[in-house]
Amino acid sequence: MNQFSIAIHGGAGTILKQDMTAELEAAYSKGLEDALSSGYSVLENGGTALDAVAAAVVSLEDCIMFNAGRGSVFTKNGTHEMDAAIMDGKTLDAGAVAGVSSVRNPVELALAVMQKSEHVLLSGEGALQFAKEQGLRIEDETYFFSQFRYDQWQLVKNEDKIALDHNIQVSASAKEKKFGTVGAVACDRFGNIAASTSTGGMTNKNYNRIGDSPIIGAGTYANNKTCAISCTGHGELFLKAVAAYDVSCLMEYKGMSLQEAMDFVTLDKLVKINGEGGMIGVDAKGNTALVFNSDGMYRAMQNSNGEKQIAIYR
């Protein structure tokens with residue numbers, strides 16, 4: 001039997017212990033613990049990597065602490081536009097959605113796109129229509145309201161800029177950046193791997209801006225031959241770097257290990273273009289890696305060898 005494992009993230013950025021209250025730290029840790037448990041229990045019970053990453057991301061989307069699903073940030077217009085993607089490393093099947101509103105769990109919609117349509121990526125009103133046809137849970141805008149996110153938006157809504165800094169303390173300081181995205185990668189006992197990513201994007205984003213999360217190869221990628229990757233960071237730079245697929249390429253064509261390839265992309269290539277953030281990865285042997293070039297990344301992992309980690313700071 002293959003070693004099975006899962007890794008999750010809840011965003012990266014300027015996450016410093018001195019800025020965190022004990023209550024906030026406990027809330028973030030519980031959110032990570034719940035999501036890790038949701039995904040790992042699927043693997044433990046013989047489920048697939050695909051089902052495990054979906055379960056973990058649903059849990060993160062349902063947690064108001066993270067910028068995805070229920071905890072999504074506000075756009076320039078005071079609405080919510082969510083993106084998500086999921087990919088099966090066994091078949092290279094993938095599904096993604098961009099700029100969707102009202103859908104309780106965008107990752108479930110991405111999975112439906114993959115399994116029940118002929119497409120990979122749906123957006124906006126069409127994606128919402130498809131969600132309704134598939135019977136997915138639709139919520140009123142009030143479900144997505146968070147006072148914390150609202151206060152962040154109020155700080156910047158009259159400025160012509162997006163805020164990368166939906167930080168722990170409501171602050172417009174550009175030094176305090178937090179890139180809110182959630183994601184999961186997993187390897188099941190059959191040696192199949194999968195990846196999923198979900199996000200509410202950037203505070204005060206305008207013009208239906210879309211980042212790397214729903215773009216296959218940029219923010220999300222899975223291939224049994226190499227790795228499954230979920231990214232979190234300044235999306236524009238991860239798009240330019242085709243970050244997730246680049247890790248796979250380094251493994252496939254240069255023979256790098258998962259850790260070596262992720263280190264190169266995150267700590268060298270992205271740093272050179274000021275691409276702040278991180279990524280989680282798994283390979284078909286169940287090895288995991290969690291790498292980031294920012295001050296912190298909400299992250300966790302667990303495998304069938306008894307290893308388990310939940311961490312926030314560098």
Neighbourhood net charge (12 Å Cβ-Cβ; Lys/Arg +1, Asp/Glu -1) for ALA131
0
Here are a few candidate values for volume of the Cα convex hull per residue in Å³: (1) 115; (2) 178; (3) 148. Which one was actually calculated from the structure I just gave you?
(1)
Regarding region 63-106, what are the three Cα extents along the principal axes, ordered largest first, in Å?
39, 20, 14
Given Cα pairs under 8 Å that are at least 6 residues apart, what percent is the relative contact order of region 5-313?
25
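Which value, in debye to the nearest 20, describes the size of the charge dipole of region 39-156 about its Cα centre when Lys and Arg Cβ atoms bear +1, Asp and Glu Cβ atoms bear -1, and nothing else is charged?
Charge dipole, region 39-156, about its Cα centre: 120 debye, nearest 20.
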Label LYS308 and ASP268 with points 7 Å out from Cα along Cα→Cβ: what is the distance between them in nm?
3.6
Which value in nm describes the separation of the simple spin-label points at HIS119 and LYS132, placed 7 Å from the Cα toward the beta carbon?
1.5
Expected unfolding gain across CYS249-GLU159 under the 0.36 nm per residue rule, minus the alpha-carbon gap, is 28.4 nm
Amide H contacts under 5 Å for MET82, placed H, 5+ residues apart
GLY99, VAL100, SER101
I need the phi-derived Karplus couplings for region 186-200: 6.51 cos²θ - 1.76 cosθ + 1.60, θ = phi - 60°, integer Hz, Gly and Pro marked x.
8, 10, 8, 5, 8, x, 9, 10, 7, 9, 8, 9, 8, 7, x
List the GluC sites (Glu not before Pro) within region 52-157 that DSSP assigns to loop and that have no more than 13 neighbouring Cβ atoms inside 10 Å.
GLU118
Please give me the summed charge of the neighbours of GLY219: other residues whose Cβ is under 13 Å from its Cβ, Lys and Arg +1, Asp and Glu -1.
-3
Give me the dipole magnitude in Debye, nearest 20, for region 5-313 about the Cα centre, with unit charges on the beta carbon: positive for Lys and Arg, negative for Asp and Glu.
300
Counting other Cβ atoms within 10 Å of each Cβ, which trypsin sites (Lys or Arg not before Pro) in region 77-166 have at most 16 and sit in a DSSP loop?
ARG137, LYS157, LYS161
What are the ³J(HN,Hα) couplings of region 35-52, residue after residue, when phi is run through the Karplus curve with 6.51, -1.76, 1.60 and θ = phi - 60°? Round to Hz, x for glycine and proline.
5, 4, 4, 4, x, 5, 5, 4, 5, 4, 8, x, x, 7, 4, 4, 5, 5
With R₀ set to 35 angstrom, the calculated FRET efficiency between the beta-carbons of LEU16 and ASP140, to the nearest 0.05, is 0.50
Give the residue from LEU16, SER29, ALA284 lying farthest towards the positive end of the charge dipole for the chain; charges sit on Cβ (+1 for Lys and Arg, -1 for Asp and Glu) and the dipole is referred to the Cα centre.
LEU16
J(HN,Hα) series, region 120-130, from Karplus relation 6.51 cos²θ - 1.76 cosθ + 1.60, nearest Hz, glycine and proline x
10, 10, 10, 9, x, 4, x, 5, 5, 4, 4
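Laboratory data are not the source of any read-out in this text; all were calculated from the coordinates shown. The structure presented is a predicted model; accordingly, all values stated were derived computationally and were not measured. Glycine also receives a Cβ, built like all others from the backbone with ideal geometry; neighbour counts cover every protein chain displayed.
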